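Notes to accompany the following structure.
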Amino acid sequence: MDDDLLTRLAAVRDRVTRAALDGGRAPDEVRLLLATKTQPAEAIRAAVLAHRVLAPGAPLLLGENRVGELVAKAPALADLGVPYHLIGPLQSNKLTAALRYADGIDSVESRRLAQRLAARCAEAGRTLDVMVQVNVSGEATKHGVSPEDAAEFAAEVAAMDGLRLVGFQTVGALHPDARVVRAGYATLRAIRDEVVASGGAATAQAVELSMGMSGDLEPAIREGATIVRIGTAVFGPR
Ligand SMILES: *Cc1c(COP(=O)(O)O)cnc(C)c1O
């Protein structure tokens, strides 16, 4: 077992625990998703096994940004039984591959693609867990629907046969002022609360908040993150 990997994983789990306790939350309300972009399957496997040693029974998720990488790695890791999510943008020509290998798509941001995903799932008699991605910072380089459109879009997605809306994902602001970063996460929480409280059966389950990465998991957890997506803090620099 790679000691450095164990050390880095332990440090991440400690940060999660401390941030949760600081915010008056139970640490087990926050799940860890390993963001595996650019990592070879062997490195991902090693991280999953190390996590099992460190935190037996604790939930773990994997997330890939690109469908191509998901296709290349998911089969090699399937025996581990760890759910693999797509956390990056989905292109319309990759729907088949995404549906084949992703256990959830956390980056839904287009009505047309959501409809196509829904139709494919309904046809196949399956239900796909999805999250709506929101661009809380408004930065042009970031994906997601605007905060203003998010609640209405989420309600539409939740109503689609074949999809189950389970929550929301965002990538936080790249900003030196921690208050700005945290305010963005508060925005996502407010959207989630509004959608969950809207009263529909299909929206009541949309409780997940996937937010926080290696550099900013603390403010995300303080604002209610239920999933943090960690790459470099576990795998080292890309
Ligand atoms: C790369 C990536 C992460 C993880 O980022 P780190 O800073 O390496 O922890 C999380 N979410 C998404 C969408 C990513 O692309």
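S92 passes all but one of (1) modelled with pLDDT under 95; (2) open to solvent by less than 10 Å² (accessible area, probe 1.4 Å); which number fails?
Unmet condition: (2).
Looking at V234, V207, which one is within 16 Å of the ligand (Cβ to nearest atom), of a type outside the set (F, W, Y) and either closer than 14 Å to V132 by Cβ or crowded, with 17+ Cβ neighbours inside 10 Å (or both)?
Working: V207 fails: within 16 Å of the ligand (Cβ to nearest atom).
V234 is the lone residue from the list that is within 16 Å of the ligand (Cβ to nearest atom), of a type outside the set (F, W, Y) and either closer than 14 Å to V132 by Cβ or crowded, with 17+ Cβ neighbours inside 10 Å (or both).
Looking only at the range 44-72, count every residue that is open to solvent by less than 50 Å² (accessible area, probe 1.4 Å), closer than 26 Å to A11 by Cα and not in a strand (DSSP E or B) and tell me the total. Give the steps one after another, and end with the answer.
Within the range 44-72, the subset open to solvent by less than 50 Å² (accessible area, probe 1.4 Å) is 44, 46-48, 50-51, 55, 58, 60-65, 67-70.
Narrowing further to those that are closer than 26 Å to A11 by Cα: 44, 46-48, 50-51, 55, 58, 60-65.
Still in the running and not in a strand (DSSP E or B): 44, 46-48, 50-51, 55, 58, 65.
Final tally of qualifying residues: 9.
Filter the range 1-23 for residues that are exposed (fewer than 13 other Cβ atoms within 10 Å of the Cβ) and outside any helix (DSSP H, G or I) and give the result.
The first filter runs over the range 1-23 and keeps only residues exposed (fewer than 13 other Cβ atoms within 10 Å of the Cβ), leaving 1, 3-4, 7, 11, 14, 21-22.
Matches in the range 1-23: M1 only.
Consider Q133 carefully, then state whether it is of a type in the set (S, T, N, Q) and open to solvent by less than 40 Å² (accessible area, probe 1.4 Å).
Values: of a type in the set (S, T, N, Q): yes; open to solvent by less than 40 Å² (accessible area, probe 1.4 Å): yes.
For Q133, the condition - of a type in the set (S, T, N, Q) and open to solvent by less than 40 Å² (accessible area, probe 1.4 Å) - is met.
Could you list, in sequence order, all residues of the range 210-231 that are over 14 Å from the mean Cα position of the chain (by Cα), of a type in the set (D, E, K, R) and within 9 Å of the ligand (Cβ to nearest atom)?
Pass one, the range 210-231, residues over 14 Å from the mean Cα position of the chain (by Cα): 215-216, 218-219, 222-223.
Then drop every residue that is not of a type in the set (D, E, K, R), which leaves 216, 218, 222-223.
Result: D216, single match.
Which count do you get for residues in the range 110-126 that are without any contact (Cβ under 8 Å) to a residue 40 or more places away in the chain and not small (G, A, S)? Steps first, please.
We begin by selecting, within the range 110-126, every residue without any contact (Cβ under 8 Å) to a residue 40 or more places away in the chain; these are 110, 112-113, 116, 123-126.
Right, trim to not small (G, A, S) and you get 112-113, 116, 123, 126.
The qualifying residues number 5.
The values are calculated or read from the model by the stated rules, or taken from the named source; none is laboratory data. Everything numeric here is computed off the predicted structure, so don't read it as measured data. So basically every Cβ, Gly included, is an ideal-geometry build from the backbone, and we count neighbours across all protein chains shown. Just so you know, the surface numbers come from the protein's heavy atoms only, side chains and all, with ligands and any DNA or RNA stripped out. Shrake-Rupley method; radii C 1.70, N 1.55, O 1.52, S 1.80 Å.
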